[in-house]
1. For residue 454, which of the numbered conditions (1) under 41 Å from the mean Cα position of the chain (by Cα); (2) assigned by TED's automatic domain parsing to the domain that holds residue 562; (3) not basic (Lys, Arg) fails to hold?
2. Here is a list of conditions, (1) under 30 Å from residue 655 (Cβ atoms); (2) touching a residue at least 60 places away in the same chain (Cβ under 8 Å); (3) not in a loop (DSSP other than H, G, I, E, B), and residue 414 meets all of them except one; can you say which number that is?
3. Determine if region 185-206 includes at least one residue that is in contact with a Gly (Cβ under 8 Å, 6 or more places away or on another chain) and buried (at least 22 other Cβ atoms within 10 Å of the Cβ).
4. Check whether at least one residue in region 540-563 is out of contact with any strand residue (DSSP E or B) (no Cβ under 8 Å at 6 or more places or on another chain), under 29 Å from residue 395 (Cβ atoms) and touching a residue at least 40 places away in the same chain (Cβ under 8 Å), and report yes or no.
5. Out of all the residues in region 506-524, is one or more closer than 22 Å to residue 566 by Cα, in contact with an Asp or Glu (Cβ under 9 Å, 6 or more places away or on another chain) and of a type outside the set (A, V, I, L, M, F, W, C)?
6. Given 478, 452, which one is aromatic (Phe, Trp, Tyr) and modelled with pLDDT under 95?
7. Of the residues 117, 72, 86, 101, only one is in a loop (DSSP other than H, G, I, E, B), out of contact with any His (no Cβ under 8 Å at 6 or more places or on another chain) and buried (at least 24 other Cβ atoms within 10 Å of the Cβ); which?
8. Hey, any hits in region 256-277 for a residue that's within 26 Å of residue 50 (Cα to Cα), in the same structural domain as residue 74 (by TED's automatic domain parsing) and within 35 Å of the chain's Cα centre (by Cα)?
Amino acid sequence: MFKKTAIATAVFLAATAHAQMVGTGATRTTIENYAVTKYLSQTGVPAAWARGFTGRGSIVAVLDQGFDLTQADIKNNVLAFKNFQAGSTVLNWGLHGTQMASIVAAQQNGWGTVGVAPDAKLLLGQIGNGGTSSYINTSAMIQGMYWAEANGANVISLSLGSSYDATFQSKVKQLAPGVWQAPANYGSLYGQTYFPAYAAASKSAVLVAAAGNQGLGYAAFPGAFATQVDSAGNLVLGGRALIVGSVGAGNVISSFSNKAGSLCTNVVGTTCADKYQVKDFYVVAPGELIMAAVPNQKTAGNTTTTVSGTSPATAYVSGGIALMHQAWPQMKAAQLVQQVLNTTTDLGKAGTDEVYGRGLVNFDKATRPIGNLVYTTASLNGTAPTAKTAQIGVVATGTVATALKSSSVLANTQMVDGIGRNYAVNLTGSVGFGSSVNSLATSPYLAMNATYREFAVPVGKTDVLTFMQSENGVAAQYETDYKDMRVSLQTGAMSEKNGFLNSFGAGMTGFGNSGTTWAMVGATAPIAHTLDVVASYGIGVTRTGNAAESLISLSPTMISDTWKLGLAKKDIFFAGTTQDKLTFAVQGPVSVRKGYADVTAVTGYSYTSDANGDITANPEISKERVNLAKGVRETDLVVGYSVQVKNTTYFGASIARQFNAGGNPGVQGTAFAVTARSVF
């Protein structure tokens, strides 16, 4: 015969369980800081919050002995309540259930405690006698599970479990470390009579159940049902169940917590032939002195206290899964469980062991990307995408970098990790400012390239022909006297690979090849006996190309310009056949005057559900036009000095102080130039 199962709430009622009562006068800061520093930060919950994961959109069913639906910390998060305990004497409140519900989803409401998933919604199912009773009705639990599934629960939190009687404990035989054989008259499973009903009651939700509080080496049921297989060796619960033990602040297993051992269901001789063991699905979470809400009926006011046991540890893990479900609704229950198991912090022996199982839950690590982030426009269903690893990067000068950094689409682009989870990534951080270039060169366009060089050829005594070259272009300038002015004309052309006007991109933020032609005019004209005005202006036309699969599409044509305006004082130290000149000028290096970039990317997902309840994340694509002429332009202050002898020999030196160098707001730089020529 099988022993009838005794089910109880999994609370460890130590003398210190309610020692740290906090009254209604405590401030939100005091309580929330206490909660975070005491146990939430122990598993990275604040880091998950910082990523925007607070449980919003997730539904957690808490099945327990009773609840206070008026408790201020939980009342606004209650989606529905139902009492499944027929004939219960107390229907309007329950101590243990209220505590567990608050650990899952107490609101950040200005005072009291705060739950692991403060924005999750709660389905509260009463399956006991309420009040302070620890009694749980197994039949009511099964009914509550059906109800939770029907009402969209993503997680079913069961802070309860079987209590092994003294006779059972005395006759359990240990077969190996972490493996026991139950007494023959109890059968392999303690409570297996209700396992078929338990397995049938839930088909899609994550099941989180307590390991139990008897300090035993093996876990309680129904949590231990996670290991059960069918005749084909498949997990009956489909790998979507977790068993939760308790640790204290030092991450040491609690003395009251049942450990990660298994009661073997298939003993061959003296060897356990079970395919799975409890330790494969067992995790630990903070379960000592966990802050929780107290029913008004018990305290005559909305207050908080501390509670210990594998019950609060279970509620804690249930809240953590709600955080993950909010972020990735497309992930199935078994995938969420696997992610929890794969991201634990190892405790005890290295690897999975019979005390801590897989280790301490880590919701910081569980909500970080796994593997390389990639970009895809495909729908997501919880499987790894086929997209290639994303290469990202833009280095830009002039106004381009500032303009792209302002893109809201780039700031909210969705990327996908190695297991099909989407993340909002701020790609504007991959846009960098290029180094400022020497704007004092004869050709500001060609000078944007490091290989710039020029060669001047005097033509007669007053005219000069200058040839300029870089690795990607050429230009020529003719300079002569016209009436009482000195004038110049320059034309040139250049081509750039994977960029334009010294701005370059790569991968999913790449640019195509471009070609630029330009013309410049310059003049030096007298405005007084020894004072000249100096001016130049250049305008360029760039034909751009676009890179395949890039998020950035450039306008086909861009207009750029460069300018200089200043004063030149002549005859500083010399006059006559030898003359010198001191120049003060303001100039603007080459920058886009007209042009745009269309930025198109996935910035969010909508979700659809099929007949089986499987959720698909469907990409939502946004397009934004960014004005590339809108950013910050570099402005240079230039001081130059030159000496000319008999119109045949010239020597000049200039220095420029660059403001917003390279188009980078607030950054300053310095440029130098020396020019010399002579007629022989």
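The values are calculated or read from the model by the stated rules, or taken from the named source; none is laboratory data. Just so it is clear, the structure is predicted and the values come from calculations on it, not from any experiment. Cβ placement follows ideal geometry from the backbone for every residue including glycine, while neighbour counts extend to all protein chains displayed.
1. (1)
2. (1)
3. no
4. Within region 540-563, one or more residues are out of contact with any strand residue (DSSP E or B) (no Cβ under 8 Å at 6 or more places or on another chain), under 29 Å from residue 395 (Cβ atoms) and touching a residue at least 40 places away in the same chain (Cβ under 8 Å).
5. Yes, that holds for at least one residue.
6. Going through 478, 452 in turn, the sole match is 452.
7. 117
8. Checked region 256-277: no residue is within 26 Å of residue 50 (Cα to Cα), in the same structural domain as residue 74 (by TED's automatic domain parsing) and within 35 Å of the chain's Cα centre (by Cα).
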